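Comments concern the structure below.
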Amino acid sequence: MSLLRATTLATLLVCLLQPSAGRADVLITDVAGKPGLVSKPPLAILGEMANGSLIDAPAGFQFSAIDLVTGKEYLASGPGQFRITSGGVLSVTTGTVKVRSVADGALPEVRIATGKLSRASMTMRGGSVLLGKLPMYPSNTAIPDTTPTLRWEHMAGASSYRVTVSDDAGKTIWQRNTTEAQLALTPDSGLRLGNRYTWKVEPLNQTGEPVANATSAGFSVVAADAARVLALIKPAPDASFSAWVLYAAQLQQAGASDDAQTIWQALARERPGDLNLKKLAK
């Protein structure tokens, strides 16, 4: 990623998610409805709302909000007026509110760090989304757990690949051969939360001899606290749009920007009119 792009994305995320005074009470995680419908004040995904805020929603308009203190998700449907309170999102007039738990207990504030584009696949209610390829994944990013699937591009003339993972001191901790252009690390790989690693892939011919120079990349594993939160809120395949927004925000905050970027792009496809998602997906 260029320095200019990194700086631009950093500025965007700060503008989108910078809290006013202290911690935000509620994070808007979905806005949906018939084309042309707008709430008062206008809501946008990743917008923050403080306790006491009033929202007027017309008929056919819906929004989802997650209380960062309780971990509860509120789905509000107009027509009606809604108030953000310490007890959640409440209907003041005729609107309806459905509540479900996204996480058990308080969630950390959303503070998103910058990162580079990624590729991977994710499943949402709209189906499977597979994004464009990177030469290697992960590369110069954090990963959310200790059992990632390493991916790379097929190399001409290769019958198999030797994959080696080394710790920050350069010591080999895990090595396997595979005929595929991907390899899942197992729990015995030796990866530890909060540590940095380097991995390389060597293309081999049918006799096991290298046919080209190895390609290498570095990555880190998120810290223990971040891993706990990510495991807690990781959405099921049929999870709501709102749950995926929260998960992507926490991935980005933890430094797992490759994985977050994949989800931002998929979410932007489902909500093409949301400017915040459109900017994050670029």
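Every read-out reported here was derived from the displayed coordinates using simple, explicitly stated rules and does not represent laboratory data. These figures come from a predicted structure and were not determined experimentally. Note that each Cβ is placed from the backbone with ideal geometry, even for glycine, and that neighbours are counted across all protein chains shown.
Sum up the charges of everything whose Cβ sits under 14 Å from the Cβ of residue 167, counting Lys and Arg as +1 and Asp and Glu as -1, but leave residue 167 out.
Values: positive: 171, 192, 196, 200; negative: 168.
So the environment of residue 167 carries a net charge of +3.
Could you tell me which of the pairs 98/282; 40/279; 40/282; 40/72 are separated by over 25 angstrom between their Cα atoms in the structure shown?
On the way: 98/282 33 Å; 40/279 23 Å; 40/282 28 Å; 40/72 23 Å.
Those over the limit are 98/282; 40/282.
Under a Cβ-only charge scheme (Lys and Arg +1, Asp and Glu -1), can you give me the dipole magnitude of the range 146-221 about the Cα centre, in debye to the nearest 20? The partial results should precede the final answer.
Working: 7 positive and 7 negative charges, 34 e Å.
Its charge dipole is roughly 160 debye.
Among 73, 270, 153, rank each residue by its count of other Cβ atoms within 10 Å, from fewest to most, as a rough exposure measure.
Details: 73 24, 270 16, 153 11.
Ordered from fewest to most neighbouring Cβ atoms within 10 Å, 73, 270, 153 come out as 153, 270, 73.
Starting with the fewest neighbours, write out 173, 143, 28 ranked by other beta-carbon atoms found within 10 Å of each beta-carbon. Kindly include the intermediate steps, with their values, before the conclusion.
Details: 173 15, 143 25, 28 22.
Ranking 173, 143, 28 by Cβ neighbours within 10 Å, fewest first, gives 173, 28, 143.
Let me know the whole percent of all Cα-Cα pairs from the range 22-108 that are separated by more than 17 Å.
39
Write down the Kirkwood hydrodynamic radius of the range 146-221, to one decimal in angstroms, obtained as one divided by the mean of 1/r over all alpha carbon pairs. Walk me through the intermediate numbers first.
Values: mean 1/r = 0.0790 Å⁻¹.
Kirkwood hydrodynamic radius for the range 146-221: 12.7 Å.
Net charge near residue 202, counting Lys/Arg +1 and Asp/Glu -1 over other residues with Cβ under 11 Å of its Cβ? Spell out each step's value before the answer.
Details: positive: 162, 200; negative: 209.
In short, +1.
Find out how many positive minus negative residues lie around residue 43, taking Lys and Arg as positive, Asp and Glu as negative, among other residues whose Cβ is under 11 Å from that of residue 43. Before the final figure, lay out each step's value.
Working: positive: 40; negative: 30, 48, 56, 274.
Charge balance in the 11 Å sphere: -3.
If I model the range 163-277 as equal point scatterers sitting on the Cα atoms and use the Debye formula, what is log10 I(q)/I(0) at q = 0.16, 0.17, 0.20, 0.22 Å⁻¹?
Normalising to I(0) and taking log10 leaves -0.90, -0.96, -1.10, -1.20.
Order these by the 10 Å Cβ neighbour count, fewest first: 94, 147.
Values: 94 10, 147 13.
By the 10 Å Cβ count, ascending, the order reads 94, 147.
Could you give the distance between the Cα centres of the range 52-68 and the range 137-162, to the whole Å?
That distance is 42 Å.
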